[in-house]
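What follows is a single structure, written as structure tokens, with notes after it.
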Amino acid sequence: MNNPMDSAEFSRDPYPLLAALRSRGPVQQVRTGNGRTTWVVTGWAEARSALADARLSKDTARYFAGRPGNRNLAPAVSRTMLATDPPHHGRLRKLAMTAFTPAAVARLEPRIRAIAEELADALAARRSADLVEEFAAPLPIAVICELLGVPEPDRAAVRRWSHDLFAAAAPDTVDRASHALSDYMTQLIAARRQDLGDDVLSGLIAARDEADRLSEAELVSLAVLLVVAGHETTTHLIGNGMLALLQDDALRSRLRADPGLLPAAVEEFLRHDAPITLATFRFATEPIELGGARIGAGEVVLVSPGAANRDPAQFSAPDEVRLDRHVRAARPDRPERPGGHLSFGHGPHHCLGAPLARMEARIAFEVLLTRFPDIRPAVASWDALEWRRTRLMHGLASLPVTLGRCIGP
């Protein structure tokens, strides 16, 4: 039996299948092919609980030890910080997070804005464009590559390998990309070691070489994770958010008139069309009960932020875009229960790059709406849009638009 979550339809619109699962209960066991099963968590309360539950391990090396398998993933990809548990995870996270504190990210705003304006300048002479290929993807890949010191000529290859890591139902493609990216980062680290700078990668090398707090394998793995996590989901946040704006003329006009609403818009875009459909692998280290389901030791659990963010038990009219969900001021008439979206996770694995993603998206929307006030979709119907074939993420492969007039910076 084929896994329905590997289908083109799921990549295009995962929400009907996820809603159908949730209608049977917030935690459901599904067949994933070859006789295997997994638990999928679709309820908001259950997902939030699962993301912080220490009994749900992310230690893939522990899970697969002694189990048969024929995958050939590079260790730098299969054993990243995302695939570790506390306290090991906390040690690695502490080393990486210094570059992503709110203060550190705030210092990046002028450069992020400059990159966004440069990309808009390149679009200005054009009548049409692909917003994913020419804006939503280049912005975050440029930012994270500058932070890590990846030379500009290498960035297209890095992006391609990262993209291939998430190919649905294509294990050979994923495995090849994992080795290509791992080998590249190994070589980049060796070169940077001879000429350290003030970039994030140089700081991690110093942690490895001077304080011996990182093994060489951990160093390579952390570099791979930062470059992948540092742009993939932000690309989809920008692309999915622009799609929502292109579908709503009133919302587009409202944000153009009042850029102060953009932070709330970013949060609502994260909730409404989460870049992460299914969070990465977890397994139960002991029997647990979750959402009325009894999960046995060793069974696999996939938490779905995409489904949780549209749980009607948590959010009223969850399929609609509503900015007032994320207005910070307390409102007695607010229909939602306390608690926001889970697109950045929750608990020890909460996304450390969240402040950077929020800033990049806010600047991206502001620049595009300001520079191109007449921007319109360039497809005959929304069904004609092409989506990436990936199970874990939900994002456009392309977003054709007509740009109209351009207002200078």
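The values are calculated or read from the model by the stated rules, or taken from the named source; none is laboratory data. Here the structure is a predicted model, which is why all the values come from computation and not from measurement. Please note: Cβ atoms are built from the backbone with ideal geometry, for glycine as well, and neighbour counts cover all protein chains shown.
Annotations
- Residues of region 337-365 that are of a type in the set (Phe, Trp, Tyr) and assigned to a helix (DSSP H, G or I): 365 alone.
- Restricting region 193-231 to residues that are more than 16 Å from residue 95 (Cβ to Cβ) and touching a residue at least 24 places away in the same chain (Cβ under 8 Å) leaves a set whose member that is surrounded by the fewest Cβ atoms within 10 Å (Cβ to Cβ) is 197.
- Residues of region 26-43 classified as within 22 Å of the chain's Cα centre (by Cα) and either surrounded by fewer than 19 Cβ atoms within 10 Å (Cβ to Cβ) or of a type in the set (Val, Ile, Thr) (or both), total: 4
Residue by residue, here is whether (1) hydroxyl-bearing (Ser, Thr, Tyr); (2) assigned to a loop (DSSP other than H, G, I, E, B) holds:
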site	(1), (2)
367	no, no
370	yes, no
373	no, yes
380	no, yes
391	no, yes
398	yes, yes
401	no, no
405	no, yes
409	no, yes
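- If the condition is being modelled with pLDDT under 95 and not polar (S, T, N, Q), then region 280-297 contributes only 281.
- Residue check, residue 202 in a helix (DSSP H, G or I), within 20 Å of the chain's Cα centre (by Cα) and hydroxyl-bearing (Ser, Thr, Tyr): no
Every residue, every condition in (1) surrounded by 17 or more Cβ atoms within 10 Å (Cβ to Cβ); (2) touching a residue at least 24 places away in the same chain (Cβ under 8 Å); (3) among the polar types (S, T, N, Q), yes or no:
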{"position": "76", "(1), (2), (3)": "yes, yes, no"}
{"position": "79", "(1), (2), (3)": "yes, yes, no"}
{"position": "100", "(1), (2), (3)": "yes, yes, no"}
{"position": "103", "(1), (2), (3)": "no, no, no"}
{"position": "118", "(1), (2), (3)": "no, no, no"}
{"position": "127", "(1), (2), (3)": "no, yes, no"}
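- Residue among 313, 250 that is modelled with pLDDT under 95, out of contact with any strand residue (DSSP E or B) (no Cβ under 8 Å at 6 or more places or on another chain) and more than 24 Å from residue 391 (Cα to Cα): 313
- Search result, residues across region 385-409 that are among the small types (Gly, Ala, Ser) and modelled with pLDDT of 95 or more: 395, 397, 398
- Hits in region 203-255 - residues which are more than 20 Å from residue 147 (Cα to Cα) and among the polar types (S, T, N, Q): 215, 240, 247, 253
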